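The values are calculated or read from the model by the stated rules, or taken from the named source; none is laboratory data. Just so you know, these numbers come straight off a predicted model, no measurement behind them. Cβ atoms come from the backbone with ideal geometry, glycine included; neighbour counts cover every protein chain shown. Calculation scope for accessible area: heavy atoms of the full protein, side chains included, ligands and nucleic acids excluded. Shrake-Rupley method; radii C 1.70, N 1.55, O 1.52, S 1.80 Å.
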Amino acid sequence: MKTSGRRGRGALVSYATLTNANEFLMFPATDLRIFVKGTQLDAGLKVDDGQWHHVCVTWSSNGGNWVYYDNGAEYTSGSGLESGKCITGGGTLLLGQEQDEVGGGFHPLQCLIGRITGFNLWSKALSGDEVAAVFNDCAIGGDIFAWNVADLEIRGDVNEIEGDFCDEPAIPQESDEAGQTLELTSSDTYVGVLRQMPQLSALTSCIWVKTSGPGTKATLVSYAASTHHNEFLMYPAGGLKIFVKGCQVTAGLKVDDDQWHHVCVTWSSNGGNWIYYDNGAKYTYGSGLASGKSITGGGTLILGQEQDEVGGGLDPSQALIGSITGFNFWSNALSGDEVAAVFNDCSIGGDIFAWNVEDLEITGDVTEINVDFCACVLPDLTIA
């Protein structure tokens with residue numbers, strides 16, 4: 001699904017029965033929850049950002065266990081949701097509206113404005129590996145419902161758009177020409193950024209990254225100075241934190257899922273305000289991180305390794321094994337709209353560093369590969 005931006009409290013999936021209008025519900029797009037038999041639990045996943053999301057939820061009566069997935073990777077999970085109970089059959093299943101009664105009771109602010117495709121429903125809780133397979137292969141369909149527009153009853157302003165969702169690549173995409181994308185293949189590999197770092201009272205750091213599978217301690221960006229080796233750090237890929245002057249806060253964003261992520265963090269000395277973004281959308285935020293302090297200049301900025309001393313003290317277990325591209329660094333905290341613009345336009349570069357492989361010092365097993373992230377195309381066979 002892809003919204004047309006932040007508009008109301010759009011519902012993804014609504015199943016209503018005579019016993020409960022919220023027998024099963026994925027709602028709202030602004031802050032997803034799962035409802036089973038009227039009981040709700042918050043997932044906190046925000047998918048109203050104008051970007052494509054492959055959203056899955058699994059639930060089991062056994063223990064009331066549930067999991068939310070975003071783009072093939074587990075986002076959050078829980079238990080105790082209507083444990084031991086069953087979802088009643090014979091109801092009405094709708095996409096894009098929230099039912100307050102079977103087949104009706106709609107509220108205009110709860111409609112989904114955007115695009116949907118590839119809806120599937122199973123009578124079991126898929127495993128994480130099975131959800132990842134569905135994300136990567138649109139030919140896999142559900143046993144209750146497998147996506148087919150001919151099996152839908154469409155009402156209102158809905159248009160079928162030409163195009164083949166299955167044939168469109170995800171972002172970034174393979175290209176016949178090199179797109180300045182680097183593949184890091186060993187634990188003694190890293191990429192140094194050849195730029196003199198100034199003293200900073202605010203910053204934005206953005207990078208496209210794709211790991212080669214789970215690597216819980218992999219490092220994205222490390223800046224070490226004479227005052228502290230964790231002067232600024234985006235680490236680890238298995239549950240990202242932000243470090244400023246050795247102080248840390250946990251964002252919890254997982255990017256060790258073998259999928260491309262455009263990860264950005266902003267920080268400001270004013271209030272210690274910080275925000276993590278994933279694929280152009282705000283993921284989480286906070287304040288009080290090294291408030292009133294400045295990041296020391298003159299240090300060493302490295303991609304793909306965590307420094308325990310300036311330019312060294314590297315730990316093989318903290319190395320990034322995967323691909324990176326599009327790293328940019330700014331001397332100010334970009335706004336949410338500016339981060340979204342960077343996600344959508346690879347020609348926008350940072351004022352301290354704008355991505356250019358010629359301005360990097362590469363150490364170890366690093367290969368420049370033919371992936372052109374500027375030519376990214378998101379899929380467009382949808383119901384809109």
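List of remarks:
- For segment 51-89, the set of residues classified as among the acidic types (Asp, Glu) and on the phi > 0 side of the Ramachandran plot consists of 82 only.
Residue-by-condition table, conditions (1) part of a strand (DSSP E or B); (2) open to solvent by 50 Å² or more (accessible area, probe 1.4 Å):
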{"position": "20", "(1), (2)": "no, no"}
{"position": "31", "(1), (2)": "no, yes"}
{"position": "69", "(1), (2)": "yes, no"}
{"position": "86", "(1), (2)": "no, yes"}
{"position": "99", "(1), (2)": "no, no"}
{"position": "119", "(1), (2)": "no, no"}
{"position": "131", "(1), (2)": "no, no"}
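- Residues (open to solvent by 40 Å² or more (accessible area, probe 1.4 Å) and in contact with a Lys or Arg (Cβ under 7 Å, 6 or more places away or on another chain)) located in segment 101-114: 109, 113
- Of the criteria (1) closer than 27 Å to residue 273 by Cβ; (2) more than 23 Å from the chain's Cα centre (by Cα); (3) not in a loop (DSSP other than H, G, I, E, B), which one residue 351 fails: (3)
- Filtering 290, 237 for residues that are open to solvent by less than 20 Å² (accessible area, probe 1.4 Å), over 29 Å from residue 358 (Cα atoms) and either in contact (Cβ under 8 Å) with a residue 24 or more places away in the chain or assigned to a loop (DSSP other than H, G, I, E, B) (or both) leaves a single hit, 290.
- Output for segment 44-82, where each listed residue is of a type in the set (A, V, I, L, M, F, W, C), under 21 Å from residue 278 (Cβ atoms) and at pLDDT 90 or above: 55, 56, 57, 67
- Test: residue 362 is among the aliphatic types (A, V, I, L, M), surrounded by fewer than 22 Cβ atoms within 10 Å (Cβ to Cβ) and in a strand (DSSP E or B): yes
- Only one entry of 183, 162, 174 meets the criterion of being at pLDDT 85 or above, acidic (Asp, Glu) and open to solvent by 60 Å² or more (accessible area, probe 1.4 Å), and that entry is 183.
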